Amino acid sequence: MALSPTPAQRRVVAAADPGTGRLRGTEAQLAGLVKRGLAFRHPRPPHDHFLTPAGHRIREAGGEPEIPVASAAASQDVSPAPAPREVFAARVGGEPSVAGAAGDARLREVRGAWQGLLELRRMTHPDGITDRPCAWERSHLVRAAALALEADGHRPAGPDGDGDGDGDGGGYRVRATPQPEAVAVHEPDGAALRACAETLERAGWQVGEHTEPRSRARYLLASPRKV
């Protein structure tokens, strides 16, 4: 599980530029946000720091830190603030059912994360394009592919193999593979599998359809496009 940001780091996140996600803070604060996956250091001078998609989600959720319990208790009778929200993660398929995994709130989270990822592409590619994956996606292949699928409305498989656990056997599953820079996408429904391929291709992935040698089931092998 990702480390929760400190109150000082949450203030830095909350103060990020709403358009670009550019951050201002001490070197220690910025390095801490990079370590937590909430920021990245731009490879070109002046090497500014920007929010990652996860950092954008923290900012949108409200980056202001909770009041420390000790100081709050000294000034007034209040209950301890709730723990910070866990960093957003796209559903890869097969996760245990959790509250809030579907519905309008989840849809807003997913769309916000996808927009943050497009901004990350724009800021990190020298030519500013958004139609091919960036370095963050190449180092988080499964999550990046799953975000592209979930943001385009595809349904992840539930914990028992069913899409959202409704018992019909549908839903995608994104899994790592032994091949470098490649993920496998499984979906028992042929039409849904082809739709997943179309989504990933639009999102900048190279996609090929293959057959499992033993089960003869069809699956996708997807890699981030480089050009």
* Structure fact -> Of the residues in the stretch 37-66 that are among the charged types (D, E, K, R), open to solvent by less than 60 Å² (accessible area, probe 1.4 Å) and over 13 Å from E109 (Cβ atoms), the one that is modelled with the highest pLDDT is D48
* Any idea which residue in the stretch 192-227 is nearest to W136 (Cα to Cα), counting only those that are out of contact with any strand residue (DSSP E or B) (no Cβ under 8 Å at 6 or more places or on another chain), open to solvent by 60 Å² or more (accessible area, probe 1.4 Å) and not charged (D, E, K, R)? -> V227
* Give me a count of the residues in the stretch 180-217 that are closer than 18 Å to G94 by Cβ and part of a strand (DSSP E or B). => 4
* Could you look through the stretch 27-36, keep only residues that are in contact with a helix residue (DSSP H, G or I) (Cβ under 8 Å, 6 or more places away or on another chain) and open to solvent by 30 Å² or more (accessible area, probe 1.4 Å), and pick out the one that is farthest from P53 (Cα to Cα)? => Q29
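Every residue, every condition in (1) touching an Asp or Glu at 6+ places or on another chain (Cβ under 7 Å); (2) open to solvent by 40 Å² or more (accessible area, probe 1.4 Å); (3) at pLDDT below 80, yes or no:
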residue: S97; (1), (2), (3): no, yes, yes
residue: G112; (1), (2), (3): yes, no, no
residue: D131; (1), (2), (3): no, yes, no
residue: R143; (1), (2), (3): no, yes, no
residue: L149; (1), (2), (3): no, no, no
residue: D168; (1), (2), (3): yes, yes, yes
* To do: Those residues that are in a loop (DSSP other than H, G, I, E, B) and in contact (Cβ under 8 Å) with a residue 40 or more places away in the chain, I need them from the stretch 33-48; list them, please.
  => R36, G37, L38, H42, P43, R44
* To do: Output the residues belonging to the stretch 114-129 that are more than 14 Å from the chain's Cα centre (by Cα) and either at pLDDT 90 or above or hydrophobic (A, V, I, L, M, F, W, C) (or both).
  => M123, I129
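Quick grid of which residues meet (1) polar (S, T, N, Q); (2) in contact (Cβ under 8 Å) with a residue 40 or more places away in the chain; (3) in contact with a Ser or Thr (Cβ under 9 Å, 6 or more places away or on another chain); (4) not in a helix (DSSP H, G or I):
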{"site": "A31", "(1), (2), (3), (4)": "no, no, no, no"}
{"site": "F50", "(1), (2), (3), (4)": "no, yes, yes, yes"}
{"site": "H56", "(1), (2), (3), (4)": "no, yes, no, no"}
{"site": "E60", "(1), (2), (3), (4)": "no, yes, no, no"}
* Structure fact -> Picked from the stretch 3-12 (must be at pLDDT 85 or above and touching an Asp or Glu at 6+ places or on another chain (Cβ under 9 Å)), the residue least open to solvent (accessible area, probe 1.4 Å) is R10
* To do: State the number of residues belonging to the stretch 114-129 that are open to solvent by 10 Å² or more (accessible area, probe 1.4 Å), hydrophobic (A, V, I, L, M, F, W, C) and in contact with a Cys (Cβ under 9 Å, 6 or more places away or on another chain).
  => 1
* To do: Would you check if there is a residue in the stretch 145-156 being part of a strand (DSSP E or B) and free of Cβ contacts under 8 Å to residues at least 40 places away in the same chain?
  => no
* the stretch 197-223 residues that are over 24 Å from C134 (Cα atoms), paired with ones that are surrounded by 13 or more Cβ atoms within 10 Å (Cβ to Cβ) and aromatic (F, W, Y) (beta carbon under 7 Å, 6 or more apart) -> H210/Y219; E212/Y219
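The values are calculated or read from the model by the stated rules, or taken from the named source; none is laboratory data. For clarity, every value in this text was computed on a predicted model and none was experimentally measured. Glycine also receives a Cβ, built like all others from the backbone with ideal geometry; neighbour counts cover every protein chain displayed. Quick note on the areas: whole protein, heavy atoms, side chains included, nothing else; ligands and nucleic acids left out. Shrake-Rupley method; radii C 1.70, N 1.55, O 1.52, S 1.80 Å.
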